[in-house]
Amino acid sequence: MNLRSARLACARLACAHVACAHVACACLLGGSTSAQSLRVDLALVLAVDVSYSMEVEEQRLQRQGYVAAFLNPALIRAIEDGPLGRIAVTYVEWGGSAVQVTPWTLIDGRDAAAQFAQALRRQPNRRIAFTSISNTLNFSRRLFELTSYQPSRRVIDISGDGPNNSGVPAPVARNSTVARGIVIDGLPIMPSVHPDTASIPDLDVYYRECVIGGEGAFLVKVTDASQFAEAILKKLVTEISGPHMSGFEPAEQPQPVQYGAGYNCFIGEEMQERMIGR
């Protein structure tokens, strides 16, 4: 078996293991085998909340925010100013499970960024029940294993409007992810009007204490859907440039969480349990 055949066999086997997360094997194979071990400054997983707690209009504005960001000259400059001038990106939508919406895509300038934006714009909208930050982090870790791009940095950019309520507790997956040298940044969505019953008023604190982690990890919170475009662009430029290069203040590194000590990182699971028990 030659090297290319071996990589295809491994990728197919990996697809079989993640089929329960509804990922398309064709996307994974396309992203993995076309990269040919190309070095990039950053491999970035954009993990975007599409759970039922997100309003349809919020989801539309969120998607438009990512499309607009990859057409923005500031983002292109951030990519081109990197040591290698190229990054790899994949877009994931999640609720209780996760779906890889776009394959790993090389972006090395305006044309490639525009093609990625248009591919993302054409994707159908979807909604997924429950909120599993932990399943999404586990899923995203696998995506790094299924690409041949060789990044200097690996980042998961996760947005959401509520705490984890499915799968293992979020800090368990967070700690496992950070232990592999992967950084997790957060975009907590905190609408000030008509918040969902599955959300919490201090979601930004939850994300800081229970979700994000790794060197330079940070979060940008959104309190109104009109802020999506600005917040998404700011966060992407910071992730591409690196928090220290952009002057953005990273969050303090969280400590391993123990139940009953400090912030309650099990609030989402407790809320779900009370709801089931009604």
*asked:* Over segment 86-216, with the other protein chains present, what is the accessible area per residue in square angstrom, probe 1.4 angstrom?
replied: 36
*Using a 1.4 Å probe on the protein chains only, how many percent of the accessible area of segment 40-193 belongs to carbon and sulfur?*
50
*What net charge is computed for the residues neighbouring Ala98, neighbours being all others with C-beta under 14 Å from the C-beta of Ala98, Lys and Arg scored +1, Asp and Glu -1?*
+1
*Cβ under 15 Å from Thr177's Cβ, Thr177 left aside: what net charge do those residues give with Lys, Arg +1 and Asp, Glu -1?*
+2
*If we count every other residue with Cβ under 12 angstrom of Val168's Cβ, Lys/Arg +1 and Asp/Glu -1, where does the sum land?*
0
*Read phi for every residue in segment 169-185 and hand back ³J(HN,Hα) as whole Hz from Karplus 6.51 cos²θ - 1.76 cosθ + 1.60, θ = phi - 60°, with x for Gly and Pro.*
x, 4, x, 5, 5, 4, 5, 5, 5, 5, 4, 8, x, 9, 8, 10, 9
*Contour minus end-to-end for Arg122 and Arg274, with contour as 0.36 nm per residue of separation and end-to-end as the Cα-Cα distance?*
50.8 nm
*Wrap a convex hull around the Cα atoms of segment 75-169, take a quarter of its surface area, and give that in square nanometres.*
6.7
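The values are calculated or read from the model by the stated rules, or taken from the named source; none is laboratory data. Worth saying up front: this structure is predicted, and the values here are computed from it rather than measured. Neighbour counts are summed over all protein chains in view; Cβ atoms, including those assigned to glycine, are modelled from backbone coordinates with ideal geometry. Ligands, DNA and RNA are stripped out before the accessible areas are found, and what is left, the full protein with its side chains, is counted by its heavy atoms. Shrake-Rupley method; radii C 1.70, N 1.55, O 1.52, S 1.80 Å.
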